[in-house]
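The values are calculated or read from the model by the stated rules, or taken from the named source; none is laboratory data. Fair warning: this is a prediction, and the values are worked out from it, not measured in the lab. As a convention, Cβ positions derive from the backbone with ideal geometry for all residues, glycine included, and neighbour counts pool all protein chains shown. Side chains included, ligands, DNA and RNA excluded: accessible areas come from the protein's heavy atoms. Shrake-Rupley method; radii C 1.70, N 1.55, O 1.52, S 1.80 Å.
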Amino acid sequence: MESISLWQGLALCGIVLWIVISSSLDVTRKLRTLVQPWVSHHVITGTPIILQIQKYQHGFLDALFSGSSCVVSVPFYTAFLPLLFWSGHGKLARQMTLLMSLCDYSGNCIKDVVSAPRPSCPPVRRITATKDEQENALEYGLPSSHTLNTVCLSGYLLHYVLSYTQNEDASLKFAGYAIVCLIVCLAGLGRIYLGMHSVIDIIAGLAVGFVILAFWLSVHDYVDSFVVSGQNVTTFWAALSLLLLFAYPTPELPTPSFEFHTAFDGVAFGIVAGVQQTYHQFHHESVPRIFTPQLTLSAFLGRMLVGIPTILIVKYCSKALAKWILPIVTNTLGIPIKSTSYIPMLKGSVTGKKTEELKQSGYIKKLPVFSSQGSFDVDTGIRFLQYSGLAWSVVDLVPSLFSYLRL
């Protein structure tokens, strides 16, 4: 194995140093003490604006904004991205997956650091039409993840389309920017109308989204070059993914945000690992693309019929395998574990030889992958491996089946 490059080592050491310093100095709690009262005040004072918007309540608007919220949600992109890979637009799919992972991690970190409430319900009417929305309502409010994600992903998609088509028509560019702005505005307005966010949450989502988008547009080519042809990519990304789990801030009260990040962290790792191994076979720039003679619509539909059941089977098998292997490995290493939901026999229990030692470590207990008893929540590892397996199958196993079946 080639030695890891200097910048990779420095990056990983920097994250480890941040974990130690932030945990030792209790940085999250101190930042929360400074920011949370200000944000909470603006959430309360912004309630009349929400109520004013909700005066226009109508069944059509309920359906419109509930539907649009689903379209710009993380589960939607998780389902949409495999189709983008299989359509032949591998670079766009890679970039949007990694950008989505960055957005998800950054947005959820800020949510849990600030731990600011959502608008009070009542008096605000909150509409949660789907299970995904019900889970979103359990998270903290600032910033609005839907707004943040919409800014970044629609903005990057517009950048890709303009770059790919190399169209210099000013009117078409203006139309593209206008459509993106309209989508972003509808996303923000919809979150307020549904009672999910206050105005300050939307403003924060816009601000963070523009910052992340600007940053990504400046580094995306370097990141893609590293993923497809760099050294020690899989090893580095595995270490990075693990450290990011430990670097995640602990919220004031438990929320699903860390679970959402863990899942998409696994997706990003699976995509990177799979693409690194199979780029020259399935993901190079000369692969057939949809709506061309080499990849007709009927052939793409065939890919969907083969690919979707396959990745669902891999997801199920990855979860089952992780539930069997992780408890054995952690117990062998003497790491105390518990399970929040995946393994019933470990619910509320702590196993392992080093429980007392870890309990005495104040900084360990501040990390979100550990419970308040100082035990490792094995569900985190299971979720990460489950979604890593799913993502790997999207870019490695399924394209291999396409090649075998000549799809």
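Couple of notes before you dig in:
- Cα centroid separation - the stretch 142-180 against the stretch 1-52, whole Å: 28
- Each Lys and Arg adds +1 at its Cβ and each Asp and Glu adds -1 at its Cβ; summed about the Cα centre, the chain shows a dipole of about 740 debye.
- Residues Tyr56, Tyr105, sorted by accessible area with the largest first, give Tyr56, Tyr105 [1.4 Å probe; ligands and nucleic acids excluded].
- Listed residue (Ser171, Phe236, Ile290) projecting farthest to the positive dipole end of the chain, Cβ model: Phe236
- Extension gain, Leu186 to Glu135, is 16.2 nm, computed as 0.36 nm per intervening residue step minus the present C-alpha separation.
- Pairs from the table (Lys131/Lys319; Lys91/Lys173; Lys131/Lys315; Lys91/Lys323; Lys30/Lys338) lying more than 24 angstrom apart at Cα are Lys91/Lys323; Lys30/Lys338.
- The H on the amide N of Leu295, modeled in the peptide plane, is under 5 Å from the matching H of Arg289, each at least 5 residues off or on a different chain.
- Fully extending the segment from Ile44 to His280, taken as 0.36 nm per residue of separation minus the present Cα-Cα distance, adds 79.5 nm.
- Computed from the Cβ-Cβ distance with R0 of 45 Å, the FRET efficiency linking Thr296 to Gln57 stands at 0.50.
- Euclidean distance of C-alpha centroids, the stretch 375-407 and the stretch 59-135, integer Å: 21
- Think of each Lys and Arg Cβ as +1 and each Asp and Glu Cβ as -1; about the Cα centre, that makes the dipole of the stretch 224-332 roughly 380 debye.
- The chymotrypsin sites (Phe, Trp or Tyr not before Pro) of the stretch 246-350 meeting both criteria, a DSSP state outside H, G, I, E and B (loop) and at most 14 other C-beta atoms within 10 angstrom of the site's C-beta, are Phe291.
- Residues in the chain average 48 Å² of solvent-accessible surface per residue, probe 1.4 Å, ligands and nucleic acids excluded.
- When all protein chains stay in place and ligands, DNA and RNA are ignored, the 1.4 Å accessible-area order of Phe76, Phe376, largest first, is Phe76, Phe376.
- Model label points for Cys121 and Asp26, set 7 angstrom from Cα along the Cα-to-Cβ axis, are 3.3 nm apart.
- Largest first, the residues Phe210, Phe402 sort by 1.4 Å accessible area into Phe210, Phe402.
- Whether the stretch 135-183 is rounded, prolate or oblate, judged on the alpha carbon gyration tensor where a/c under 1.5 counts as rounded: prolate
- Assuming charge only on the beta carbon of Lys and Arg (+1) and of Asp and Glu (-1), the dipole of the stretch 152-292 about its Cα centre is about 160 debye to the nearest 20.
- Note on the stretch 74-204: Kirkwood hydrodynamic radius from all Cα pairs is 16.1 Å, rounded to one decimal.
- Accessible surface of the chain [probe 1.4 Å, protein heavy atoms]: carbon and sulfur percent: 69
- Cut-off 11 Å between beta-carbons: net charge of the residues surrounding Phe65, Lys and Arg +1, Asp and Glu -1: -1
- When the surface is traced with a 1.4 Å probe over the full set of protein chains, Cys317 keeps roughly 70 Å² accessible.
- Kyte-Doolittle mean at least 0.0 and Cα axial length at least 24 Å: DSSP H helices in the chain: 6-25, 27-45, 90-114, 145-165, 170-193, 199-229, 257-278, 297-332
- Take the Cβ atoms of Thr332 and Ala170, set R0 to 51 Å, and the FRET efficiency comes out at 0.20.
- Full extension of the chain between Val211 and Cys70 gives 48.4 nm of extra length, using 0.36 nm per residue less the Cα-Cα distance.
- Glu252 contributes about 100 Å² of solvent-accessible surface, heavy atoms of the protein only, 1.4 Å probe.
- With the charge dipole of the chain set up from +1 on Lys and Arg Cβ and -1 on Asp and Glu Cβ about the Cα centre, the Cα lying farthest toward the positive end among the listed residues Phe258, Leu10, Trp324 is that of Trp324.
- Cα shape, the stretch 140-224, gyration tensor, a/c 1.5 rule: oblate
- Charge-dipole axis of the stretch 29-162 as Lys and Arg at +1 and Asp and Glu at -1 on Cβ define it, positive-most pick from Leu138, Ile127, Ser66: Leu138
- A Förster radius of 30 Å, combined with the Cβ-Cβ distance separating Ala320 from Asn232, puts the computed FRET efficiency at roughly 0.50.
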